[in-house]
Amino acid sequence: MPLTDLSLADCLARRPDLPVPADFDAFWSRTLGEARAHPAAKARFTEVDTGLTQVRTYDVTLPGFDGQPVRGWLRLPAGASEPLGCVVEFLGYGRGRGLAHENLLWAAAGHAHLLMDTRGQGWSSAGGDTADPHEGTPGSVPGFLTRGIESPETYYYRRLFTDAVRCVDAVRDRPEIDPDRIVVTGISQGGGIALAVAGLVPGLAGVMPDVPFLCDIRRGAEIAGRPPFTEIAEYLRLHRDRAESVLGTLAYFDAALHATRATAPALFSVAMMDEICPPSTCFAAYNGYAGTKDVRVYAFNGHEGGAEYQQREQLAWVRSLFAGLSSGQAGHS
């Protein structure tokens, strides 16, 4: 994989002028207010027997966008003193929550871990269990980036970002979890979702976006050599007269714009040979991020990024972060 994007120095210097819809903050305030006011049942946590003795696992169903059910797994280290810090994780494109005994890293490290299923996804690996009852846009291309793209109101990622915020709401209500020690994280699509949540939810302890997708979306659609950004380019190749309206919709969901409103401490990772999420798009989010931040750069990696090396960095970072926060210190609203 050769370098196909800007150099590291140019990426670090790049601060694109991202379009900001006039009603951006009002749109999201209304969207989340409606979700939180929906009369749907509260989150349900049902303990399941996985055969594991050191991790307690709960099958989670919580009300997401429009009160629609969103699935997940909550894992807690057995016998740990509570309340616990919690890592809320969002998944990469096409992935689902998988089986109850998988994804044990954060619980093994002594933290609570909520893994959110992704509505309508789960076809690529680790199958999903959350439906997306909304139909796709007529003429949309395969995938999710053009579903409902004719309007911010109907766009797929409005539902998905709202689901993610409601996951944070749900764990903050759990007695086993310290509401002031919650970190959001994810790889690729999950990293973009984590950045959006960090911009939408005050009082998070931290955010860890790895090779984040959905950043500087227009540039991604223009230069990415592999899907999913190419779905947007393919849609606009077919619908030549819709570029202005499509890019107007996408502006509400650009994770790099959400990052400008996020203030929790952040640990990013970026891969310089990434053809799926080009490094210049990831650095658009990093450079504009409003809070304290650090980044790990993997010079010779593609979209796999730092993988287990980045996990090692994250484990140390979260341990230090949580150790510096006593219960109730951070304060959320």
Residue among Val211, Val318, Val295 with the largest mean-square fluctuation in a Gaussian network model of the chain, springs linking Cα atoms under 10 Å:
Val295
Stokes-Einstein, Kirkwood over Cα pairs, the chain, 25 °C, 0.890 mPa s; D in µm²/s equals 124 µm²/s
Assuming 0.36 nm per residue, please report the length gained on full extension of the stretch Asp173 to Asp17 beyond their Cα-Cα distance.
52.4 nm
About the Cα centre, and with charges only on the beta carbon of Lys, Arg (+1) and Asp, Glu (-1), how big is the dipole of the stretch 1-153? Nearest 20 debye, please.
300 debye
Max mean-square fluctuation residue, GNM over the chain, Cα-Cα springs under 10 Å, options Ala108, Ala262, Ala164
Ala108
Efficiency by 1/(1 + (r/R0)^6): what FRET value for Ser320 and Asp49, r their Cβ-Cβ distance, R0 = 56 Å, to the nearest 0.05?
0.95
As a check on your grasp of the helix formula, calculate [θ] at 222 nm for the chain: sum -39500 (n - 2.57) over DSSP H runs of n ≥ 4, divide by the residue count, round to the nearest 500.
-9500 deg cm²/dmol
In nm, give the distance between the simple-model label positions of Lys42 and Asp241, each being 7 Å from the Cα along the Cα-to-Cβ direction.
5.2 nm
The stretch 227-333 - charge dipole about Cα centre, Lys and Arg +1 at Cβ, Asp and Glu -1, debye rounded to 20
340 debye
Kindly report, to the nearest 10 Å², the accessible surface of Trp123 as traced by a 1.4 Å probe over protein heavy atoms only.
140 Å²
Mean-square fluctuation check for the chain, GNM, Cα pairs under 10 Å: which of Gly110, Gly199, Gly72 is largest?
Gly110
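Rounded to two decimals, what is Rg over Rh for the stretch 11-143 when you use alpha-carbon atoms and the Kirkwood radius? Show your work: numbers first, answer last.
On the way: Rg = 18.0 Å, Rh = 17.3 Å.
Rounded to two decimals, Rg/Rh equals 1.05.
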Mean separation of Cα pairs under 8 Å and 6+ residues apart, divided by the residue count of the chain: what relative contact order is that in percent?
17 percent
Hey, can you find the accessible area per residue of the chain for me, probe 1.4 Å, expressed in square angstrom?
40 Å²
Treat each spin label as a single point 7 Å out from the Cα along the C-beta direction, and report the Leu104 to Ala78 distance in nm.
1.0 nm
Quick check for me: using +1 on Lys/Arg Cβ and -1 on Asp/Glu Cβ, what's the dipole size of the chain about its Cα centre, in debye to the nearest 20?
280 debye
May I ask which residue of Thr4, Gln121, Thr53 lies farthest towards the positive end of the charge dipole of the stretch 1-125, with charges of +1 (Lys, Arg) and -1 (Asp, Glu) on Cβ and the Cα centre as origin?
Thr53
Accessible carbon and sulfur surface of the chain relative to its total accessible area, %, 1.4 Å:
52 percent
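The values are calculated or read from the model by the stated rules, or taken from the named source; none is laboratory data. Predicted model only: the values in this text are computed from it and were never measured. All Cβ positions, glycine included, derive from the backbone under ideal geometry; neighbour counts span all protein chains shown. Only protein heavy atoms, including side chains, enter the accessible area calculation; ligands, DNA and RNA are left aside. Shrake-Rupley method; radii C 1.70, N 1.55, O 1.52, S 1.80 Å.
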